[in-house]
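Here's the structure we're looking at; comments come further down.
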Amino acid sequence: KNFLGGVKMSRERWSSRSIFILAAIGSAVGLGNTWRFPGQAYQNGGGAFLIPYFIALVTAGIPLLIMEIAIGKKFQAGAPTAFRKLGKKKGFEWLGWWPLATSFAIVAYYCIVMSWTFNYLWHSLTLAWTKSSSADFFYGDVLRLSDSPGNLGGLNMPLVIGLVLTWIFIWFSIRNGVKSMGKIVKWTVPLPIILLIILVIRALTLPGAIDGINYYLTPQWDRLKDINVWAAAYGQIFFSLSVLFGIMVAYASFLPKDSDVPTNSMIIAFADCLLSFVAGFAVFGTLGFLQQTSGTAIADMSITGPGLAFVTYPEAIAQLPGGLWIQVVFAFLFFLMLLTLGIDSAFSIVEGIVTGLVDKFGWDKKKTVAGMCFVGFAAGLIFATNAGLYWLDIVDNWVNNFNLILIGVFECVVVGWIYSAKKLRNEFNEDSNMKFGPWWDFMIKYVTPLSLLGLNILFLIDSFK
Ligand code: PHE
């Protein structure tokens, strides 16, 4: 019984350790691996991008992933409550709300990308973008996305329908808490991985693929001098691992108290990075093929932001040898992969927010899920207007490359210095065979926060130059 005399509900639990790992991988692996990562690599120096990316993984991604999972498991609560308990004097609850607010901004636009994907999936049945060009399909007739700021220009119906479908899907997946999520991730994790493997094989066996792979893996060293490349790498790592959003805290809060944090975290990080790397082969192999058929060099394709998965890739698919139905099949597989990859990331964000609210205010979980889905849908409508792409770019850039990094700095200071990195490490080491040494404390106390802080200062200077 709790102090009010009611029956204290015991906390929801994952049905097994592997379901937790699957769900966390589901959250981490998403559009970030297949859409955002290759695009970032393309814009930030090809193979050279892999270096800041790897450095970001080791100096920030992994230490923070472990930290968030350790905190969630220890305090058995969503981010705001966990950070409140961690600070003893209740001073750090805000550090839990901040990531949740960030999550909200992310989920609003993540779902619009899901909505584009729904539309592409539907139109892949007729390869609609071959009627004019895939750029016209995206920016013109069908999705009517433009990146000019003004003129919201009314809502674009196909996007709204896609958005509704996405949110229904999200609601359905998490409506019964971790139990229903567990059933969904059994499908939404393995299926897209199988599809990805098929797409990689197809890409690598296309004529010209090797040129694309060369582009992907050949470093443009001079790009490493550009601070934006480094900021992009850190931003990409956090986005991809879903850290600093309070999600991993929430997911880990449904683990039993004696769970193994280090091993689970390493599996999640490894799976996520591996899939990004592999997805690069599918995308760049296909770009190499497109270079051959279109005669435009990859470097001159000037792919920006969303263009890679939604303009260039569909264009390449429409050139595939073997006739129309082969093209339809691969288009369908590609967008089905994006959709199933993205859905468990999307619902993890909502679950992170819901867990935070429920643990703090004691609200009914089912109602909170339904309410959040509605609010998230409403907020996403701005991205379903003609100016949607413009807003998406701004939100994506600031939220990931600036705000997120700042959250990282604060989390490190609070956990590393105020709570004590060593104490947390001793706690999570206790339940694991994989013991982390003092280097982890050193990362959390010095390396991670200082490198993040430096990056943010340089990013600011650069933005206002
Ligand atoms: N990690 C997910 C991806 O790579 C996206 C995501 C971002 C999920 C933030 C949760 C929170 O697509």
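Looking at F377, is it among the aromatic types (F, W, Y) and at pLDDT 95 or above? Considered against the rule, which asks whether it is among the aromatic types (F, W, Y) and at pLDDT 95 or above, F377 comes out as yes. Restricting attention to segment 41-85, the residues that are polar (S, T, N, Q) and either buried (at least 24 other Cβ atoms within 10 Å of the Cβ) or not in a helix (DSSP H, G or I) (or both) total 2. For segment 299-323, which residues satisfy the criterion of being over 27 Å from the mean Cα position of the chain (by Cα), of a type in the set (G, A, S) and over 13 Å from W129 (Cβ atoms)? Hits for segment 299-323 are G322, G323.
Comparison of L199, L206 shows that the only residue that is away from the ligand (no atom under 16 Å from the Cβ), assigned to a helix (DSSP H, G or I) and under 20 Å from P38 (Cβ atoms) is L199. Reported count of residues in segment 115-126, each being more than 24 Å from the chain's Cα centre (by Cα) and crowded, with 19+ Cβ neighbours inside 10 Å, is 2. Across segment 160-180, not a single residue is classified as more than 26 Å from F377 (Cα to Cα) and not in a helix (DSSP H, G or I). Summed over segment 337-372, residues that are surrounded by fewer than 18 Cβ atoms within 10 Å (Cβ to Cβ) and within 16 Å of the ligand (Cβ to nearest atom) total 0. If you take the residues of segment 83-115 that are touching a Phe, Trp or Tyr at 6+ places or on another chain (Cβ under 7 Å) and among the polar types (S, T, N, Q), which of them is farthest from the ligand (Cβ to nearest atom)? This residue is T102. The set of residues from segment 406-424 being in contact (Cβ under 8 Å) with a residue 24 or more places away in the chain and not aliphatic (A, V, I, L, M) comprises G408, F410, E411, C412, G416, W417, Y419. Pairs linking a residue in segment 16-42 that is within 10 Å of A279 (Cα to Cα) and more than 11 Å from the ligand (Cβ to nearest atom) to a residue that is among the aliphatic types (A, V, I, L, M) and part of a helix (DSSP H, G or I), with Cβ atoms under 7 Å and 6 or more positions apart or on different chains, are P38/A279; P38/V283; P38/L308.
The values are calculated or read from the model by the stated rules, or taken from the named source; none is laboratory data. Model, not experiment: these values are computed from the prediction. Note: ideal-geometry Cβ built from the backbone for every residue, glycine included; neighbour counts use all protein chains shown.
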